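The values are calculated or read from the model by the stated rules, or taken from the named source; none is laboratory data. If you're wondering where the values come from, they're calculated on a predicted model, not measured in any experiment. In this analysis, Cβ positions are derived from the backbone assuming ideal geometry, glycine residues included, and neighbour counts consider all displayed protein chains.
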Amino acid sequence: MSKYPVIAAADLTKVRSSQIHELRKRLRDRVTMVVAKNNLLRKSVELGDFKEAKLGEFVKDLTGSNILLFSELNPYSLIILLDKSKVRVPAKAGDIATNEIMIPAGNTGLPPGPVISEFGEIRVRTKIEGGSIWVASDSVVARRGDKITAKMASVLSKLGLKPMEAGLTLVVAFDNGTILRGGDLAVDLPSYKNDLITAINDALNLSTEVGYVTVENAPRILVKGFREALALAGEAAFLAACASSTTAASTACSSTASVSSGGCWPTATRSSSGATG
């Protein structure tokens with residue numbers, strides 16, 4: 001146990017042996033998995049010579065059926081890895097839907113028979129065509145959090161669908177002497193991503209407003225300065241070629257200035273230059 005900096009325990013409740021086998025194959029290069037009785041773990045820590053005193057506290061809190069995961073990954077990287085390694089499995093009666101379950105429209109490949117009544121019981125409209133049962137339209141039979149009924153599980157199994165997402169969920173982790181539990185192990189990546197994007201945009205807007213130039217905001221500052229210069233020119237009736245494109249600038253240009261090939265110049269300035277020439 002002292003070989004790995006991170007030891008985590010995952011709940012095995014309703015986790016099938018086929019799932020564990022699949023996860024072991026996928027993660028064998030990064031995670032070592034061991035199933036052991038809690039009392040045996042406590043005894044091994046009690047009799048072993050471990051430097052970390054809190055290791056005893058870690059195994060002492062274990063209850064129920066667990067699988068231990070030994071890794072050099074930090075607990076949060078381990079959680080993300082486990083989330084990405086979830087597998088699709090058939091639904092069983094009593095399972096709670098992890099996502100919306102939909103039976104797609106089309107040919108089921110099943111011959112007409114008693115199974116038609118099972119489709120009816122889970123509110124899926126069917127028709128007989130070409131000697132087989134067809135689902136008339138896409139049908140949602142369960143939403144996230146709904147309980148899977150026996151009839152629903154039977155139909156989904158006959159269709160070969162694997163609607164359940166299954167994997168391991170960490171309940172406690174030991175990270176280099178620190179014990180992490182429950183809420184400490186919650187990782188909401190979409191929320192963190194949105195917060196990060198918001199923070200970046202706020203920082204970009206603030207630096208642009210105060211004129212703190214960086215590589216990222218330089219184009220914004222140039223555009224902002226250009227627009228402010230145009231607005232000021234329009235207000236002061238100082239018309240440049242670009243400023244004359246605005247309605248106010250065009251009005252001022254027609255009344256107080258003449259247009260030359262170099263842009264809009266105040267009439268007085270143009271006359272003065274003509275007199276000296």
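Among the residues of segment 58-67, are any of a type outside the set (A, V, I, L, M, F, W, C), at positive phi and either out of contact with any Asp or Glu (no Cβ under 9 Å at 6 or more places or on another chain) or at pLDDT below 90 (or both)? The answer is yes, given that some residue of segment 58-67 is of a type outside the set (A, V, I, L, M, F, W, C), at positive phi and either out of contact with any Asp or Glu (no Cβ under 9 Å at 6 or more places or on another chain) or at pLDDT below 90 (or both). Inside segment 138-149, residues that are closer than 17 Å to VAL89 by Cβ, outside any loop (DSSP other than H, G, I, E, B) and either over 26 Å from the mean Cα position of the chain (by Cα) or not charged (D, E, K, R) (or both) make up a count of 2.
May I ask you to list the residues in segment 150-166 that are in a loop (DSSP other than H, G, I, E, B) and touching a residue at least 40 places away in the same chain (Cβ under 8 Å)? Walk me through it before giving the result.
Taking segment 150-166 first, the residues in a loop (DSSP other than H, G, I, E, B) are 159-163.
Passing the criteria: LEU159, LEU161, LYS162, PRO163.
Pairs meeting the criteria (first residue in segment 31-45 and more than 11 Å from LEU69 (Cβ to Cβ), second residue polar (S, T, N, Q) and assigned to a loop (DSSP other than H, G, I, E, B), beta carbons under 8 Å, at least 6 apart or on different chains) are ASN38/THR63.
Being more than 30 Å from the chain's Cα centre (by Cα) and over 30 Å from ILE133 (Cβ atoms) is the requirement here; does ASN38 meet it? Working first, answer last.
Values: more than 30 Å from the chain's Cα centre (by Cα): yes; over 30 Å from ILE133 (Cβ atoms): yes.
Yes; evaluated as a whole, the condition is true for this residue.
Cβ separations smaller than 7 Å between residues 6+ apart or across chains give the following pairs from segment 1-28 residues that are of a type in the set (Lys, Arg) to residues that are part of a strand (DSSP E or B): ARG16/VAL89; ARG24/MET33. If you go through segment 76-91 and keep only what is in contact with a strand residue (DSSP E or B) (Cβ under 8 Å, 6 or more places away or on another chain) and surrounded by 14 or more Cβ atoms within 10 Å (Cβ to Cβ), you end up with LEU78, ILE79, LEU81, LEU82, LYS86, VAL87, VAL89, PRO90, ALA91. Please enumerate the residues belonging to segment 150-163 that are under 25 Å from the mean Cα position of the chain (by Cα) and crowded, with 18+ Cβ neighbours inside 10 Å. PRO163 - this is the single residue of segment 150-163 that is under 25 Å from the mean Cα position of the chain (by Cα) and crowded, with 18+ Cβ neighbours inside 10 Å.
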